[in-house]
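The values are calculated or read from the model by the stated rules, or taken from the named source; none is laboratory data. This one's a predicted model, so the numbers in the text were calculated from it and none came from an experiment. Cβ atoms come from the backbone with ideal geometry, glycine included; neighbour counts cover every protein chain shown.
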Amino acid sequence: MELDLLWVIIGLIVLIVGIIGCVLPVIPGQILCWASLLILQLKTVPPFTARFLAIWALITAGVTLLDYIVPIWGTKKLGGSKKGMWGATIGLVIGIIFFPPIGLIVGPFIGAFLGELIGGKDNKTALKSGLGSFVGFIAGTVMKLVISFIMGYYFIINAFNIIN
């Protein structure tokens, strides 16, 4: 029983870090959330079936892949470059650290815009590609958060036996 509590605590910490990681590009948030489900499997009575874990592994892998594709697609669709994408990422980090919570939204846009300007684009093109980077980043973040909160739901109800 005491070991079960340890697995729940470790899993909860991994889950929380995972949810934070969904908005910080350096932490693989959705993967950590899935790992929290695996950690919960170490309880005396494992709460999930192998099929359940495999389905969530596939969903996690799919969203991880899309998280790389969607921002690139959004940026390229609106004329952006790698400098715009790097700017969006740097803008996100600066925005989160110095201007939370609004920095989470405004940071990627300003960063992408400035990245494109640094890359030699004119204001109109930089604004357009900044918008593409921003939309792609937000879409990827929303996807990661949605699946992470769903996995968090399954973690909580099974960790604390809320639904029997």
Quiz item: Given the residues 133, 81, which is the only one that is within 16 Å of the chain's Cα centre (by Cα) and farther than 15 Å from residue 33 by Cβ?
Solution: 133
Quiz item: Residues of region 87-139 being in contact (Cβ under 8 Å) with a residue 40 or more places away in the chain, farther than 16 Å from residue 71 by Cβ and charged (D, E, K, R), which ones?
Solution: 121
Quiz prompt | Residue tally, condition in a helix (DSSP H, G or I), within 13 Å of residue 126 (Cβ to Cβ) and not hydroxyl-bearing (Ser, Thr, Tyr), over region 57-84 | solution = 2
Quiz item: Applying the selection to region 1-56, what residues are part of a loop (DSSP other than H, G, I, E, B) and among the basic types (Lys, Arg)?
Solution: 43
Practice problem: Find the residue count for region 1-20, including only residues that are among the aliphatic types (A, V, I, L, M) and either under 10 Å from the mean Cα position of the chain (by Cα) or surrounded by 18 or more Cβ atoms within 10 Å (Cβ to Cβ) (or both). | Solution: 6
Quiz item: Scanning region 32-42 for residues that are touching a helix residue (DSSP H, G or I) at 6+ places or on another chain (Cβ under 6 Å) and without any contact (Cβ under 8 Å) to a residue 40 or more places away in the chain, which turns out surrounded by the fewest Cβ atoms within 10 Å (Cβ to Cβ)?
Solution: 42
Quiz prompt | Lone unmet requirement of (1) surrounded by 15 or more Cβ atoms within 10 Å (Cβ to Cβ); (2) over 23 Å from residue 13 (Cα atoms); (3) touching a residue at least 40 places away in the same chain (Cβ under 8 Å) for residue 23 | solution = (2)
Quiz item: What's the number of the condition residue 110 fails, among (1) more than 28 Å from residue 62 (Cα to Cα); (2) at pLDDT 95 or above?
Solution: (2)
Quiz item: What do you reckon, is residue 93 outside any helix (DSSP H, G or I) and β-branched (Val, Ile, Thr)?
Solution: no
Quiz item: Pick from region 43-70 the residues that are charged (D, E, K, R) and surrounded by 13 or more Cβ atoms within 10 Å (Cβ to Cβ): which of them is nearest to residue 28 (Cα to Cα)?
Solution: 67
